[in-house]
Amino acid sequence: MAEVETQSDGGVMTITLNRPEVLNAFDSAMHEAFRAALEEARKPEVRAVVLTGAGRGFCVGQDLNEFKDAAGDIGERLRSTYNPNVLALRGLEKPVIAAVNGPAAGAGLSLACACDLRLAASSATFVPAFIGIGLVPDTGATYFVERLLGYSRAFEWLCSGRRLSAADAHAWGLVAEVVAEDRLSARAAELAAPLAALPTRALGLTKRLLERAAVSSLEEQLELEAEFQAEAARSEDFREGVNAFLEKREPRFSGR
Ligand code: LHQ
(Lines give C-alpha, C1' and ligand atoms only; values in the text may rest on other atoms or scores of the structure.)
Protein backbone atom coordinates (compact mmCIF):
# COMPACT_ATOMS: atom_id res chain seq x y z
CA MET A 1 0.00 0.00 0.00
CA ALA A 2 1.31 3.47 -0.89
CA GLU A 3 2.48 5.57 2.07
CA VAL A 4 0.95 8.62 0.39
CA GLU A 5 -2.05 8.49 -1.89
CA THR A 6 -3.10 11.14 -4.37
CA GLN A 7 -6.43 11.61 -6.04
CA SER A 8 -7.58 14.31 -8.43
CA ASP A 9 -11.08 15.56 -8.97
CA GLY A 10 -11.35 18.43 -11.44
CA GLY A 11 -8.62 20.88 -10.49
CA VAL A 12 -8.44 19.66 -6.88
CA MET A 13 -5.76 17.19 -5.83
CA THR A 14 -6.08 15.43 -2.48
CA ILE A 15 -2.89 14.16 -0.84
CA THR A 16 -3.55 11.54 1.84
CA LEU A 17 -0.78 10.56 4.25
CA ASN A 18 -1.27 6.84 4.61
CA ARG A 19 0.30 5.04 7.58
CA PRO A 20 -2.84 4.91 9.71
CA GLU A 21 -1.46 2.33 12.16
CA VAL A 22 0.93 5.01 13.50
CA LEU A 23 -1.37 8.01 12.95
CA ASN A 24 0.58 8.74 9.73
CA ALA A 25 3.95 9.26 11.37
CA PHE A 26 6.78 9.89 8.89
CA ASP A 27 9.30 7.18 8.04
CA SER A 28 11.73 7.49 5.12
CA ALA A 29 9.38 5.83 2.62
CA MET A 30 6.62 8.28 3.49
CA HIS A 31 8.98 11.26 3.06
CA GLU A 32 9.86 10.01 -0.41
CA ALA A 33 6.22 9.42 -1.36
CA PHE A 34 5.23 12.84 0.00
CA ARG A 35 8.00 14.45 -2.05
CA ALA A 36 6.62 12.78 -5.20
CA ALA A 37 3.05 13.86 -4.37
CA LEU A 38 4.17 17.47 -3.90
CA GLU A 39 5.94 17.34 -7.25
CA GLU A 40 2.71 16.10 -8.86
CA ALA A 41 0.80 18.94 -7.14
CA ARG A 42 2.95 21.48 -9.01
CA LYS A 43 1.33 20.55 -12.32
CA PRO A 44 -0.63 23.48 -13.76
CA GLU A 45 -3.83 21.44 -14.05
CA VAL A 46 -3.83 21.12 -10.24
CA ARG A 47 -5.39 24.38 -9.02
CA ALA A 48 -6.05 23.56 -5.34
CA VAL A 49 -4.64 20.96 -2.95
CA VAL A 50 -6.15 19.24 0.09
CA LEU A 51 -3.78 17.57 2.57
CA THR A 52 -5.27 15.01 4.93
CA GLY A 53 -4.53 11.76 6.76
CA ALA A 54 -5.87 8.22 6.49
CA GLY A 55 -7.62 6.66 9.49
CA ARG A 56 -8.02 8.53 12.77
CA GLY A 57 -4.87 10.67 12.59
CA PHE A 58 -3.71 13.60 10.46
CA CYS A 59 0.04 13.22 11.02
CA VAL A 60 2.06 12.86 14.23
CA GLY A 61 5.45 13.86 12.82
CA GLN A 62 8.50 11.67 13.10
CA ASP A 63 7.94 7.90 13.50
CA LEU A 64 9.59 7.44 16.87
CA ASN A 65 10.09 3.73 16.18
CA GLU A 66 13.01 4.82 13.97
CA PHE A 67 14.67 6.26 17.12
CA LYS A 68 14.47 3.05 19.16
CA ASP A 69 18.22 2.48 19.11
CA ALA A 70 19.86 5.74 18.06
CA ALA A 71 18.41 8.87 16.53
CA GLY A 72 21.39 9.50 14.23
CA ASP A 73 22.03 12.99 12.92
CA ILE A 74 18.65 14.65 13.42
CA GLY A 75 19.80 17.95 11.88
CA GLU A 76 20.73 16.12 8.70
CA ARG A 77 17.45 14.20 8.74
CA LEU A 78 15.59 17.52 8.84
CA ARG A 79 17.73 19.06 6.10
CA SER A 80 17.31 16.12 3.76
CA THR A 81 13.63 15.25 4.23
CA TYR A 82 11.32 17.43 6.35
CA ASN A 83 12.77 20.78 5.27
CA PRO A 84 12.69 20.27 1.49
CA ASN A 85 9.16 18.87 1.76
CA VAL A 86 7.78 21.72 3.86
CA LEU A 87 9.42 24.17 1.44
CA ALA A 88 7.80 22.33 -1.49
CA LEU A 89 4.42 22.41 0.27
CA ARG A 90 4.70 26.11 1.11
CA GLY A 91 6.05 26.82 -2.37
CA LEU A 92 2.92 25.58 -4.15
CA GLU A 93 1.54 28.54 -6.09
CA LYS A 94 -2.06 27.51 -5.43
CA PRO A 95 -4.33 27.27 -2.39
CA VAL A 96 -3.56 24.42 0.01
CA ILE A 97 -6.12 23.30 2.60
CA ALA A 98 -5.25 21.03 5.53
CA ALA A 99 -8.25 18.82 6.29
CA VAL A 100 -7.22 17.86 9.82
CA ASN A 101 -9.02 14.63 10.61
CA GLY A 102 -7.33 13.74 13.92
CA PRO A 103 -4.16 14.40 15.90
CA ALA A 104 -1.70 16.78 14.20
CA ALA A 105 1.46 16.49 16.29
CA GLY A 106 5.13 17.42 15.99
CA ALA A 107 6.13 17.89 12.37
CA GLY A 108 2.55 16.93 11.43
CA LEU A 109 1.40 20.08 13.20
CA SER A 110 4.06 22.04 11.29
CA LEU A 111 2.70 20.72 7.98
CA ALA A 112 -0.87 21.63 8.94
CA CYS A 113 0.32 25.14 9.82
CA ALA A 114 2.23 25.44 6.52
CA CYS A 115 -1.07 25.16 4.62
CA ASP A 116 -3.10 28.25 3.70
CA LEU A 117 -6.22 27.16 5.56
CA ARG A 118 -7.03 24.59 8.18
CA LEU A 119 -10.37 22.81 8.27
CA ALA A 120 -10.75 20.54 11.30
CA ALA A 121 -12.95 17.62 12.25
CA SER A 122 -14.36 18.08 15.75
CA SER A 123 -12.17 15.15 16.84
CA ALA A 124 -8.94 16.81 15.60
CA THR A 125 -6.28 17.79 18.11
CA PHE A 126 -3.21 19.98 17.70
CA VAL A 127 -0.16 18.91 19.69
CA PRO A 128 3.28 20.60 19.63
CA ALA A 129 4.74 17.29 20.77
CA PHE A 130 8.39 18.32 20.35
CA ILE A 131 8.95 19.54 23.91
CA GLY A 132 7.46 16.32 25.29
CA ILE A 133 10.45 14.40 23.93
CA GLY A 134 13.04 17.06 24.73
CA LEU A 135 13.23 18.61 21.24
CA VAL A 136 12.67 22.07 19.81
CA PRO A 137 9.85 22.74 17.34
CA ASP A 138 10.98 22.03 13.77
CA THR A 139 9.77 21.72 10.16
CA GLY A 140 8.80 25.41 10.35
CA ALA A 141 6.67 25.16 13.51
CA THR A 142 8.23 28.26 15.07
CA TYR A 143 7.91 30.18 11.79
CA PHE A 144 4.30 29.27 11.08
CA VAL A 145 2.88 29.19 14.62
CA GLU A 146 4.43 32.55 15.54
CA ARG A 147 2.96 34.11 12.39
CA LEU A 148 -0.45 32.53 12.90
CA LEU A 149 -0.82 33.14 16.63
CA GLY A 150 1.67 35.84 17.64
CA TYR A 151 4.64 35.49 20.01
CA SER A 152 2.82 35.21 23.31
CA ARG A 153 0.50 32.34 22.36
CA ALA A 154 3.22 30.67 20.30
CA PHE A 155 5.63 30.71 23.26
CA GLU A 156 3.09 29.43 25.76
CA TRP A 157 1.77 26.70 23.46
CA LEU A 158 4.99 25.44 21.91
CA CYS A 159 6.75 25.37 25.28
CA SER A 160 3.93 23.63 27.14
CA GLY A 161 3.27 21.14 24.34
CA ARG A 162 -0.34 20.90 25.49
CA ARG A 163 -2.99 19.32 23.33
CA LEU A 164 -5.35 21.87 21.78
CA SER A 165 -8.87 20.74 20.87
CA ALA A 166 -10.40 21.63 17.49
CA ALA A 167 -12.78 24.03 19.27
CA ASP A 168 -9.89 25.82 21.04
CA ALA A 169 -7.89 25.95 17.80
CA HIS A 170 -10.90 27.55 16.15
CA ALA A 171 -11.26 30.08 18.98
CA TRP A 172 -7.56 30.98 18.50
CA GLY A 173 -8.05 31.45 14.76
CA LEU A 174 -5.71 28.56 13.95
CA VAL A 175 -8.46 26.71 12.09
CA ALA A 176 -10.98 28.35 9.81
CA GLU A 177 -13.84 25.97 10.52
CA VAL A 178 -14.71 22.88 12.56
CA VAL A 179 -17.08 20.25 11.16
CA ALA A 180 -18.40 16.86 12.25
CA GLU A 181 -15.95 14.05 11.50
CA ASP A 182 -18.15 12.48 8.82
CA ARG A 183 -18.48 15.85 7.03
CA LEU A 184 -14.77 16.63 6.79
CA SER A 185 -13.90 15.35 3.31
CA ALA A 186 -17.14 16.67 1.77
CA ARG A 187 -16.58 20.09 3.36
CA ALA A 188 -12.94 20.12 2.19
CA ALA A 189 -14.18 19.46 -1.35
CA GLU A 190 -16.77 22.24 -1.01
CA LEU A 191 -14.06 24.69 0.05
CA ALA A 192 -11.47 23.56 -2.50
CA ALA A 193 -13.67 23.57 -5.64
CA PRO A 194 -14.37 27.33 -5.70
CA LEU A 195 -10.71 28.06 -4.82
CA ALA A 196 -9.65 25.90 -7.78
CA ALA A 197 -11.88 27.97 -10.06
CA LEU A 198 -10.20 31.27 -9.16
CA PRO A 199 -7.41 32.91 -11.21
CA THR A 200 -4.68 30.59 -9.91
CA ARG A 201 -1.76 32.75 -10.97
CA ALA A 202 -3.05 35.80 -9.05
CA LEU A 203 -3.85 33.60 -6.08
CA GLY A 204 -0.34 32.11 -6.00
CA LEU A 205 1.20 35.58 -6.23
CA THR A 206 -1.08 36.79 -3.41
CA LYS A 207 0.34 34.00 -1.22
CA ARG A 208 3.86 35.22 -1.92
CA LEU A 209 2.90 38.83 -1.16
CA LEU A 210 1.30 37.95 2.16
CA GLU A 211 4.36 35.94 3.12
CA ARG A 212 6.69 38.84 2.39
CA ALA A 213 4.42 41.38 4.12
CA ALA A 214 5.71 40.26 7.53
CA VAL A 215 9.32 41.16 6.74
CA SER A 216 9.11 44.00 4.19
CA SER A 217 9.07 47.75 4.65
CA LEU A 218 6.06 49.47 3.09
CA GLU A 219 8.27 50.71 0.25
CA GLU A 220 9.54 47.19 -0.47
CA GLN A 221 6.04 45.74 -0.30
CA LEU A 222 4.65 48.39 -2.67
CA GLU A 223 7.40 47.60 -5.16
CA LEU A 224 6.75 43.87 -4.90
CA GLU A 225 3.02 44.43 -5.41
CA ALA A 226 3.81 46.44 -8.53
CA GLU A 227 6.07 43.66 -9.88
CA PHE A 228 3.60 40.89 -9.13
CA GLN A 229 0.69 42.94 -10.48
CA ALA A 230 2.54 43.34 -13.77
CA GLU A 231 2.95 39.56 -13.81
CA ALA A 232 -0.71 38.91 -12.96
CA ALA A 233 -1.75 41.32 -15.70
CA ARG A 234 0.10 39.12 -18.24
CA SER A 235 -2.17 36.16 -17.39
CA GLU A 236 -5.04 34.98 -19.57
CA ASP A 237 -7.22 35.15 -16.47
CA PHE A 238 -6.73 38.92 -16.20
CA ARG A 239 -8.01 39.32 -19.77
CA GLU A 240 -10.92 36.98 -19.06
CA GLY A 241 -11.79 38.82 -15.83
CA VAL A 242 -11.90 42.22 -17.54
CA ASN A 243 -13.83 40.89 -20.57
CA ALA A 244 -16.37 39.11 -18.36
CA PHE A 245 -16.94 42.30 -16.38
CA LEU A 246 -17.42 44.41 -19.51
CA GLU A 247 -19.68 41.78 -21.10
CA LYS A 248 -21.69 41.48 -17.86
CA ARG A 249 -21.16 37.72 -17.52
CA GLU A 250 -19.52 35.36 -15.05
CA PRO A 251 -15.77 34.87 -15.71
CA ARG A 252 -14.41 31.43 -16.63
CA PHE A 253 -10.87 31.36 -15.28
CA SER A 254 -8.46 28.79 -16.69
CA GLY A 255 -5.58 29.24 -14.23
CA ARG A 256 -3.32 30.43 -17.05
C1 LHQ B 1 3.30 6.70 16.95
C2 LHQ B 1 3.61 8.07 16.98
C3 LHQ B 1 4.89 8.47 16.52
C4 LHQ B 1 5.36 6.23 16.10
C5 LHQ B 1 1.63 7.84 17.72
N6 LHQ B 1 5.73 7.52 16.08
N7 LHQ B 1 4.17 5.80 16.52
C8 LHQ B 1 11.61 15.48 12.96
C9 LHQ B 1 12.78 14.89 12.51
C10 LHQ B 1 13.75 14.37 13.24
C11 LHQ B 1 13.74 14.26 14.50
C12 LHQ B 1 12.82 14.57 15.42
O13 LHQ B 1 11.68 15.23 15.25
C14 LHQ B 1 11.12 15.61 14.18
C15 LHQ B 1 9.86 16.25 14.37
C16 LHQ B 1 8.81 15.54 15.15
O17 LHQ B 1 7.81 15.25 14.60
S18 LHQ B 1 9.10 15.27 16.80
C19 LHQ B 1 7.55 14.77 17.41
C20 LHQ B 1 7.22 13.33 17.15
N21 LHQ B 1 5.86 13.05 17.52
C22 LHQ B 1 5.47 12.83 18.77
O23 LHQ B 1 6.22 12.90 19.71
C24 LHQ B 1 4.01 12.48 18.95
C25 LHQ B 1 3.86 11.20 19.75
N26 LHQ B 1 2.45 10.85 19.83
C27 LHQ B 1 1.63 11.28 20.80
O28 LHQ B 1 1.99 12.06 21.66
C29 LHQ B 1 0.24 10.77 20.76
O30 LHQ B 1 0.19 9.64 19.95
C31 LHQ B 1 -0.80 11.81 20.26
C32 LHQ B 1 -1.01 12.90 21.36
C33 LHQ B 1 -0.36 12.48 18.98
C34 LHQ B 1 -2.14 11.10 20.00
O35 LHQ B 1 -2.54 10.40 21.13
P36 LHQ B 1 -3.68 9.30 21.04
O37 LHQ B 1 -4.81 9.81 20.23
O38 LHQ B 1 -3.95 8.87 22.44
O39 LHQ B 1 -3.04 8.08 20.20
P40 LHQ B 1 -1.96 7.01 20.67
O41 LHQ B 1 -0.88 7.66 21.46
O42 LHQ B 1 -2.66 5.86 21.31
O43 LHQ B 1 -1.34 6.56 19.27
C44 LHQ B 1 -1.97 5.57 18.42
C45 LHQ B 1 -0.89 4.70 17.84
O46 LHQ B 1 0.00 5.50 17.06
C47 LHQ B 1 -0.04 4.07 18.94
O48 LHQ B 1 0.36 2.79 18.51
P49 LHQ B 1 -0.34 1.47 19.12
O50 LHQ B 1 0.39 0.33 18.46
O51 LHQ B 1 -0.16 1.52 20.61
O52 LHQ B 1 -1.79 1.57 18.73
C53 LHQ B 1 1.16 4.98 19.01
O54 LHQ B 1 2.30 4.35 19.52
C55 LHQ B 1 1.34 5.35 17.55
N56 LHQ B 1 2.05 6.61 17.42
N57 LHQ B 1 2.55 8.75 17.48
N58 LHQ B 1 5.26 9.76 16.45
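The values are calculated or read from the model by the stated rules, or taken from the named source; none is laboratory data. Everything numeric here is computed off the predicted structure, so don't read it as measured data. Ideal geometry is used to build each Cβ from the backbone, glycine not excepted, and the neighbour counts take in all protein chains shown. Areas reflect the complete protein model, heavy atoms only, side chains present, ligands, DNA and RNA absent. Shrake-Rupley method; radii C 1.70, N 1.55, O 1.52, S 1.80 Å.
Full extension of the chain between D168 and R234 gives 19.5 nm of extra length, using 0.36 nm per residue less the Cα-Cα distance. Accessible surface calculations at 1.4 Å, restricted to protein heavy atoms, place the chain at 50 Å² per residue. What part of the accessible area of segment 26-110, given as a whole %, is carbon or sulfur when the probe is 1.4 angstrom? Of all accessible area on segment 26-110, carbon and sulfur atoms account for 54 percent. Considering only S8, L38, N83, whose Cα is most displaced toward the positive end of the charge dipole of the chain, charges sitting on Cβ of Lys, Arg (+1) and Asp, Glu (-1)? Most positive-ward Cα: S8. Take T142: with every protein chain present and a 1.4 Å probe, its accessible area is about 80 Å². Counting only alpha carbon atoms, the long axis of helix 184-196 and the longest principal axis of the chain meet at about 30°.
As a length-normalised measure over Cα pairs under 8 Å and 6 or more apart, the relative contact order of the chain settles at 17 percent. When +1 charges are put on Lys and Arg Cβ atoms and -1 charges on Asp and Glu Cβ atoms, the dipole computed for the chain relative to its Cα centre reaches about 380 debye. The calculated pair-distance distribution of segment 1-149 uses every alpha carbon pair, bins of 10 angstrom beginning at 0, and gives 12, 46, 35, 7, 0 percent. In summary, the aspartates and glutamates within cross-link reach of K94, defined as a Cα separation below 14 angstrom excluding same-chain residues under 8 places away, comprise E39, E40, E45, D116, E211. Using a 1.4 Å probe over the heavy atoms of the protein chains, calculate the carbon and sulfur portion of the accessible area of segment 200-246 as a whole percent. So the carbon and sulfur contribution to the accessible surface is 60 percent.
K43 contributes an accessible area of around 100 Å² to the protein surface, as traced by a 1.4 Å probe with all chains present.
Put simply, the chain fits an ellipsoid with semi-axes of 32, 21, 18 Å; these come from the alpha carbon gyration tensor as the roots of five times its eigenvalues, largest first. Judged by the gyration tensor of its Cα atoms, with axes a ≥ b ≥ c, segment 136-246 is oblate; a/c meets the 1.5 cut and b/c is at least as large as a/b.
In the chain, the longest principal axis of the Cα atoms and the axis of helix 218-232 are about 70 degrees apart.
The fraction of all Cα pairs in segment 72-179 landing in successive 5 Å bins from 0 to the largest distance is 2, 13, 24, 26, 20, 11, 4, 1, 0, given as whole percents. Here segment 200-246 is treated as a sphere whose radius is the Kirkwood value from Cα pairs; by Stokes-Einstein at 10 °C and 1.306 mPa s it diffuses with a coefficient of 140 µm²/s. If R0 is 25 Å, the Cβ-Cβ spacing of V22 and E181 corresponds to a FRET efficiency of close to 0.80.
The alpha carbon centroids of segment 35-83 and segment 147-225 are separated by 19 Å.
Nonpolar atom fraction for segment 129-171, defined as the carbon and sulfur part of the 1.4 Å probe accessible area, stands at 59 percent.
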